[in-house]
Amino acid sequence: MKNNSHSGLLTKNKLDESPESSQQGQHYIEVVKAFARLTYESVYVIDYTDMSFEYVSDNPLFLCGLSAEEVLGLGYEFYFRHVPENDLTLLTQINEAGFDFYANIPFAERKDYSITYDFHLVNKEGKHILVNHKLTPLFLSPEGKMWKAMCIVSLSHHQSAGNTRIYKQNSGETWELHPGAKTWRKSEKPVLTEREVEVLRLHAQGLNINQIAERIFVAPDTVKYYRRRIFERLEVSNIVEALAYAVNAKLI
């Protein structure tokens, strides 16, 4: 496995030894497999004892043309083979900043946090595909370090890599990583009105502006006004980004 300028990917959270297996609970991989069968998203599990993958679903997006078994065998080497150099640098920064952030969270709260970010994968044909990657802890070591994590990969709704945010479960707090830095900007989760949430949900169902106007008994210009308010609140530029943000932040 490569050990170069991106070695922070391999060493930042690597555990010296595997915690006792009894901490895992029983049959949790079967639960992960069941979840993978119900979603179009790619699902995999990281083991930080040896930087391996414990499970990789056969959902094709993450596989880059390989089989799930081949990706499973590669572990972290998969990133070095299928992520472009600039994005490997980005992933190293996100990894180091993310685990520095994680180290300051009280032990009892560490499973409440998840991180999401975008980077490119390169498939067998050399095509770059921008994906969104979400990661959340499954098990912690006795010292509170992340032992195993569950990851979900889907197509990104942004146009460039980055867009790194940390969310806390059942909280309005979010943190955004400053581009090119290791500092986090804390903010409160945006609050949408009931009508703005309704407009977003109808867009998610595939309705256009005129159809939404008919459904909620307003003029099309009123729907456009709601959309502008949504974009301003979420700091996005289009409805696709608004829906992605709302889903990730659990606003709808």
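The values are calculated or read from the model by the stated rules, or taken from the named source; none is laboratory data. What you see is a predicted model, and the numbers here were worked out from it, not measured in a lab. With ideal geometry, Cβ positions are generated from the backbone for all residues, glycine too; neighbour counts draw on all protein chains shown. These area figures cover heavy atoms from the full protein model, side chains too; ligands, DNA and RNA do not enter into them. Shrake-Rupley method; radii C 1.70, N 1.55, O 1.52, S 1.80 Å.
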Within the chain, longest stretch free of exposed chymotrypsin sites (Phe, Trp or Tyr not before Pro) [DSSP loop, at most 12 other beta carbons within 10 Å]: 41-216
Among 252, 44, 154, which residue has its Cα furthest toward the positive end of the charge dipole of the chain, with +1 on Lys/Arg Cβ and -1 on Asp/Glu Cβ? 252
Leaving out same-chain residues fewer than 8 places away, which lysines sit with a Cα under 26 Å from that of residue 124? 2, 33, 134
Solvent exposure ordering (accessible area, 1.4 Å, most first) of 183, 136: 183, 136
Let me spell out the model: positive unit charges on the Cβ of Lys and Arg, negative unit charges on the Cβ of Asp and Glu, origin at the Cα centre of the range 149-252. What dipole size does that give, in debye rounded to 20? 220
For the range 111-166, state which trypsin sites (Lys or Arg not before Pro) are in a DSSP loop and have at most 11 other beta carbons lying within 10 Å of their beta carbon. 124, 127
Quick one: grab the alpha carbon gyration tensor of the range 93-212, order the square roots of its eigenvalues as a ≥ b ≥ c, and give me rounded if a/c is under 1.5, else prolate or oblate depending on whether a/b is larger than b/c. oblate
Of all lysine pairs in the range 144-237 that are eight or more residues apart or on different chains, those with Cα atoms under 29 Å apart total 12
Given Cβ point charges of +1 (Lys, Arg) and -1 (Asp, Glu) and nothing else, what value in debye, to the nearest 20, does the dipole of the range 44-86 about its Cα centre take? 140
What is the distance in Å between the Cα centres of the range 138-182 and the range 188-213? 26
Span-like helices, the chain: DSSP H, alpha-carbon axial extent 30 Å or more, mean Kyte-Doolittle 1.6 or greater, which ones? none
What trypsin sites (Lys or Arg not before Pro) does the range 218-252 have in DSSP loop regions with at most 13 other beta carbons within 10 Å? 250
Amide H partners (placed H, <5 Å) of residue 59, local residues excluded: 43
Out of these labelled values of Cα extents along the principal axes in Å, [x] 54, 53, 33; [y] 62, 44, 39; [z] 61, 32, 31, which was calculated from the coordinates shown here? [y]
Can you give me the % of accessible surface on the chain that is carbon or sulfur? Probe 1.4 Å, all protein chains present, nothing else counted. 49
Exposed-site-free run, longest, the chain (rule: GluC sites (Glu not before Pro); DSSP loop; at most 16 other C-beta within 10 Å): 21-124
So, with +1 on the Cβ of K and R and -1 on the Cβ of D and E, and no other charges, what is the size of the charge dipole of the chain about its Cα centre, to the nearest 20 debye? 720
